[in-house]
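Participant: What follows is a structure written as structure tokens; I'll ask about it next.
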Amino acid sequence: MKIGLAVAAADALPSAFVVLRDDLCRCVDRCAALGYDGVELALRYAGEVDVPEMKRRLAATGLEVPCISSGQVFAADHLYFTHPDPAVRDAAVGRIADMIRLAAEFGAKVNTGRVRGIVREGETVEAAAERYLACIGRCADVAEPLGVELLVEPVNRYEVNFINDCAEGLEIVKRAGRRCVKLMPDLFHMNIEDASFRQAFEAARDYIGYVHVADSNRLAPGWGHLPFDEIFQILSDIRYDGYITAEILPKPAPDAAAAQAIRFLRAGLAAAADLRPG
Ligand code: LER
Ligand code: MN
């Protein structure tokens, strides 16, 4: 498993749940100094990234961009896949398609997170699901030839009212029926929505493309009350070998939180590997 950190540009809104807000290339240098393997870029527009300069920073540091995330497209611009207005859906798909083309430059995945949208008052979950699936299908048409995976992230009920737990995420991934569409469990949301970490991870084991980690309070792992020893063991048991990326709040201070996350996650993964039967 590799360890990433979610970051955003200096002007990102508070609704981008990231620990570092800085020039994106400087974020890469800061993550490298802390010992991370990768940097997840939380973007509003694909055009925020200076591709040649970012590639130079990645080559110089040996870091990767494993994922581009897109929550600000929903939170800042209110564009989403379940919207009743086709023009809004088209704009959301267009923004994600640009991020897919950007992700292809880096071998990254694209998290479609909150861009999934909501079930609006007076509408049914099924109507939302149908609009959502049509949009994900259009994104998959762009992503598949480029070899980019699209991630579906269950998000807790206090942020959206559609695709909240891993079972709902898994069902929609299966309904999408596209090999590039994968599930992205996030421990923070799972702690609210899923009855059992083990049951949820085991049910989804063949569909997981990426994992977000935070503690129960969205602070760095180790600073809340999630059962991390058990979670590391589950990830090892299901043979998950992708990225776990810390999506945490910049508290008590960005660098202290980022340092705690990498220290805690490296130690926990090493201990779980030691316990793994050969
Ligand atoms: C994003 O990864 C996330 O976890 C949400 O809470 C907000 O988009
Ligand atoms: Mn997340």
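Participant: State the percentage of accessible surface on the stretch 2-272 attributable to carbon and sulfur atoms; use a 1.4 Å probe and exclude ligands, DNA and RNA.
Facilitator: 51
Participant: Next up: Asp11 versus Lys174, label points 7 Å from Cα toward the beta carbon: distance in nm?
Facilitator: 4.5
Participant: Then there's this: Using a cut-off of 10 Å between beta-carbons, work out the net charge of the residues near Arg114 (Lys and Arg +1, Asp and Glu -1, Arg114 not included).
Facilitator: -1
Participant: With no solvent and one equal point scatterer per Cα, compute the Debye intensity ratio I(q)/I(0) for the chain at 0.10, 0.11, 0.12 Å⁻¹ and report its log10, rounded to two decimals.
Facilitator: Here log10 of I(q) over I(0) equals -0.47, -0.57, -0.68.
Participant: Using Cα centres only, tell me the gap between the stretch 28-104 and the stretch 215-278 in whole Å.
Facilitator: For the stretch 28-104 versus the stretch 215-278, the Cα centre distance is 23 Å.
Participant: Right, something else. Can you give the accessible area of Phe197 in Å² (nearest 10), computed on protein heavy atoms with a 1.4 Å probe?
Facilitator: Ignoring ligands and nucleic acids, Phe197 comes out at about 30 Å².
Participant: Contact order normalised by length for the stretch 1-104, with contacts defined as Cα pairs under 8 Å and 6 or more residues apart; what percent is it?
Facilitator: Dividing the mean separation by the residue count of the stretch 1-104 yields 25 percent.
Participant: Continuing with the same structure: Suppose the chain between Val125 and Arg276 were pulled fully straight at 0.36 nm per residue; how much longer would it get relative to their current alpha carbon spacing?
Facilitator: Working it through step by step, the gained length comes to 50.2 nm.
Participant: Using a Gaussian network model of the chain whose springs link C-alpha atoms within less than 10 Å, name the residue from Tyr36, Tyr45, Tyr243 with the highest mean-square fluctuation.
Facilitator: Tyr45
Participant: Solvent-accessible area of Glu202, probe 1.4 Å, all protein chains present, reported in Å² to the nearest ten, please.
Facilitator: Counting only protein heavy atoms, the figure is 80 Å².
Participant: Where Lys and Arg each count +1 and Asp and Glu each count -1, what net charge lies around Phe188 among other residues with Cβ under 9 Å from its Cβ?
Facilitator: Its environment carries a net charge of -2.
Participant: Of all beta bridges DSSP finds with both residues in the chain, what is the antiparallel percent, to the nearest 5?
Facilitator: 0
Participant: Can you give me the relative contact order of the chain as a percent, contacts being Cα pairs under 8 Å and 6 or more apart?
Facilitator: Computed value for the chain: 18 percent relative contact order.
Participant: If R0 is 25 Å, what FRET efficiency do you get for Met1 and Thr61 from their C-beta distance, rounded to 0.05?
Facilitator: Step by step, r from the Cβ atoms, then E = 0.80.
Participant: Spelling out what I want: for every residue of the stretch 114-127, take phi, set θ = phi - 60°, compute 6.51 cos²θ - 1.76 cosθ + 1.60 (Karplus), and round to whole Hz; glycine and proline get x.
Facilitator: With the stated coefficients, the stretch 114-127 comes to 6, 5, 3, x, 10, 8, 7, 3, x, 10, 9, 4, 5, 5 Hz.
Participant: I'd like to check one number: the per residue accessible area of the chain, probe 1.4 Å, reported in Å² as a whole number.
Facilitator: Accessible surface, normalised per residue, equals 40 Å².
Participant: Still on this structure, I have one more. What is the sum of charges, Lys and Arg at +1 and Asp and Glu at -1, for the other residues whose Cβ falls under 15 Å from the Cβ of Ala87?
Facilitator: Here the charged neighbours net out to +1.
Participant: Working with all protein chains in place, sort Thr124, Thr82 by solvent-accessible area computed with a 1.4 Å probe, largest first.
Facilitator: Putting Thr124, Thr82 in descending order of accessible area: Thr124, Thr82.
Participant: Oh, and also: Enumerate the amide H contacts of Asp186 below 5 Å, restricted to partners 5 or more residues apart or on another chain; note that Pro and chain-start residues carry no placed amide H.
Facilitator: Amide H neighbours of Asp186, under 5 Å, 5+ apart: His212.
Participant: Using Cα positions and a limit of under 22 Å, work out the lysines in reach of Lys55, with same-chain residues fewer than 8 apart set aside.
Facilitator: Filter leaves Lys2, Lys109.
Participant: Here's a follow-up. Could you work out the relative contact order of the stretch 142-250? I mean the mean sequence separation of Cα pairs under 8 Å and 6+ apart, divided by the number of residues, in percent.
Facilitator: Relative contact order for the stretch 142-250 comes out at 23 percent.
Participant: In addition: Just to be sure I understand: with springs between alpha-carbon atoms less than 10 Å apart, which residue in Asp50, Asp37, Asp90 has the highest mean-square fluctuation in the Gaussian network model of the chain?
Facilitator: Between Asp50, Asp37, Asp90, it is Asp50 that shows the largest mean-square fluctuation.
Participant: Then there's this: Dipole of the stretch 191-278, Cα-centred, from +1 at each Lys and Arg C-beta and -1 at each Asp and Glu C-beta, to the nearest 20 debye?
Facilitator: Magnitude of the dipole: close to 220 debye.
Participant: Considering the zone a paramagnetic label at Val51 would reach in this model (a point 7 Å from Cα along the Cα-to-Cβ line), which residues of the stretch 7-24 have amide N under 13 Å from it?
Facilitator: none
Participant: Rank these by accessible area, largest first, 1.4 Å probe: Lys174, Lys182, Lys55.
Facilitator: Final ranking, largest accessible area leading: Lys174, Lys55, Lys182.
The values are calculated or read from the model by the stated rules, or taken from the named source; none is laboratory data. Since we're looking at a predicted model, the values are computed, not measured. A quick note on method: Cβ atoms are made from the backbone with ideal geometry, for glycine too, and the neighbour counts reach across all protein chains shown. Please note that ligands, DNA and RNA were not included when accessible areas were found on the heavy atoms of the full protein model with its side chains. Shrake-Rupley method; radii C 1.70, N 1.55, O 1.52, S 1.80 Å.
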